[in-house]
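The values are calculated or read from the model by the stated rules, or taken from the named source; none is laboratory data. If you're wondering where the values come from, they're calculated on a predicted model, not measured in any experiment. FYI the Cβ positions are ideal-geometry reconstructions off the backbone, even for glycines, and counts take in every protein chain you see.
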Amino acid sequence: MPSLRLAGAMALVAALLVFFNSPDSRAQVSFDPFTVDGVEVDVSAANAQVAKDQAIVAAQRQGFATLLERLTAPEDRARLPKADGVEFVRDFSVEQERSLASRYIASLSVRYNGSAVKRLLQAAGIAVTEARTRPVVVVPVFVPEDGRAALWDDPNPWRNAWGNLHGGGLVPLLLPLGDLGDIQAITAAQALAGDALAMQSLGARWRTPDVLVAAATLRGKVLDVALHAGPTTPKPFEALSYRQNDGESLDALLSRAVKDIARAIETTHKQNAAHGGESGTVSALVPLSGMPQWLAVRERLGRVPQVKSWELVSLSRTEAAIIMHVVGDSNQLAEGMSTGGLSLKWADSFWTVQPVGVN
């Protein structure tokens, strides 16, 4: 296993050498913290129209309860304000519906007024967990019983299950479509092995250092899932197994596992936020025009509370490569850097750190 210093240098080299193509804008992103999808309702009434009207109101209230739990810590649940969620609804859409003579069955997506919801919770003295601004690229590898791993190739029902994931949550999940750039960045074998350089290449392509490999292996009625990720990516577990229920189809099993993992990712994000943000390592380049710049960076890194320690990987006349051990998300780190007289930017597949006001 390479040392942290060597691994950081290799990651920087990989990021600099990646052949960057503009990612397809059609990549699937599951993200909207104030939308609750998949709200299931089943209401009977005097007739189908009355049942539908009652079901829509019920869905808006049910979705609001889900939203409040999403935005708050478990210890605050007992103090959640008693409010009618209907008044906070921006709009809604019907995903699926079925009407009978006096019954209405449907799945709805409800979008709420985020500012109003946050004000409600803050007025009750309850901390609101902010959504993660940086996306996580999901790499779904599926190994069926014949042992032939699939990532970008079809069929890959595990990938399809991630593509069907509803879009509400605190962590934006990005599912690449598997074009030539994605295929060149990482293969199924590399993903299964948790190849850090290949994951770095894919992340650089999508302009985020956070890549999560979700490797699912089917063994009869058991689905084994292993996760691989870098240090700044919210990873809820190393490995977990899901058993297929009686009468449950393979697609239903995969969908259940995806939803569970997505919830676990969100929980991990909330736990990180409650403890001052995410923690991990950040590799960065420091462009230099002279020694005064390097001396300024060294001195100012000590002013940034989010940087707990840092290591020098390499130093030349034109640039330095460093690894920073940090707490907080990228926005918090950038704000701390700015306060300390430094700028932190993610551009063209790697982080750069520069002193402000030093030539």
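Brief remarks on what is shown
- Among residues of the stretch 324-351 being among the hydroxyl-bearing types (Ser, Thr, Tyr) and either modelled with pLDDT under 85 or touching a Phe, Trp or Tyr at 6+ places or on another chain (Cβ under 8 Å) (or both), the one that is farthest from THR281 (Cα to Cα) is SER349.
- Residues of the stretch 73-117 that turn out to be over 19 Å from GLN49 (Cβ atoms), loosely packed, with under 15 Cβ neighbours inside 10 Å and of a type in the set (D, E, K, R), as a count: 9
- For SER338, the conditions (1) surrounded by fewer than 21 Cβ atoms within 10 Å (Cβ to Cβ); (2) touching a strand residue (DSSP E or B) at 6+ places or on another chain (Cβ under 7 Å) are fulfilled apart from (2).
- Selection count, the stretch 186-201, where residues are of a type in the set (A, V, I, L, M, F, W, C), in contact (Cβ under 8 Å) with a residue 60 or more places away in the chain and surrounded by 24 or more Cβ atoms within 10 Å (Cβ to Cβ): 1
- Considering only residues in the stretch 300-335 that are part of a loop (DSSP other than H, G, I, E, B) and of a type in the set (Val, Ile, Thr), the one that is surrounded by the most Cβ atoms within 10 Å (Cβ to Cβ) turns out to be VAL304.
- Checking each residue in the stretch 218-256 for being more than 24 Å from THR187 (Cβ to Cβ), among the small types (Gly, Ala, Ser) and free of Cβ contacts under 8 Å to residues at least 24 places away in the same chain picks out SER241, GLY247, SER249, ALA252.
- On inspection, PHE92 does not qualify as among the aromatic types (Phe, Trp, Tyr) and in a helix (DSSP H, G or I).
- From ALA215, ALA150, residue being surrounded by fewer than 24 Cβ atoms within 10 Å (Cβ to Cβ), small (Gly, Ala, Ser), free of Cβ contacts under 8 Å to residues at least 60 places away in the same chain and within 26 Å of SER249 (Cα to Cα): ALA150
- Every condition in (1) out of contact with any helix residue (DSSP H, G or I) (no Cβ under 8 Å at 6 or more places or on another chain); (2) on the phi < 0 side of the Ramachandran plot; (3) not β-branched (Val, Ile, Thr) holds for GLY147 except the one numbered (2).
- The one condition in (1) within 27 Å of the chain's Cα centre (by Cα); (2) of a type outside the set (D, E, K, R); (3) at pLDDT 95 or above that VAL86 fails to fulfil: (1)
- Filtered residues of the stretch 57-72 (kept if more than 19 Å from ALA127 (Cβ to Cβ), in contact with a strand residue (DSSP E or B) (Cβ under 7 Å, 6 or more places away or on another chain) and surrounded by fewer than 20 Cβ atoms within 10 Å (Cβ to Cβ)): ALA58, GLN62
- Hits in the stretch 107-143 - residues which are within 17 Å of ALA83 (Cα to Cα) and of a type in the set (Lys, Arg): ARG111, LYS118, ARG119
- Restricting attention to the stretch 130-153, the residues that are over 25 Å from SER93 (Cβ atoms) and touching a strand residue (DSSP E or B) at 6+ places or on another chain (Cβ under 7 Å) add up to 12.
- Within the stretch 38-50, residues that are at negative phi and assigned to a strand (DSSP E or B) have Cβ atoms under 9 Å from residues that are surrounded by fewer than 12 Cβ atoms within 10 Å (Cβ to Cβ) and of a type outside the set (Gly, Ala, Ser) in these pairs: SER44/LEU100, counting only partners at least 6 apart in sequence or on another chain.
- Among (1) surrounded by 20 or more Cβ atoms within 10 Å (Cβ to Cβ); (2) of a type in the set (Val, Ile, Thr); (3) closer than 30 Å to GLY336 by Cβ - the single one ILE261 does not satisfy: (3)
- Of SER255, SER283, all but one fail to be at pLDDT below 90, small (Gly, Ala, Ser) and either out of contact with any Ser or Thr (no Cβ under 6 Å at 6 or more places or on another chain) or in a helix (DSSP H, G or I) (or both); the exception is SER283.
- So VAL117, is it modelled with pLDDT of 95 or more and over 26 Å from GLN271 (Cβ atoms): no
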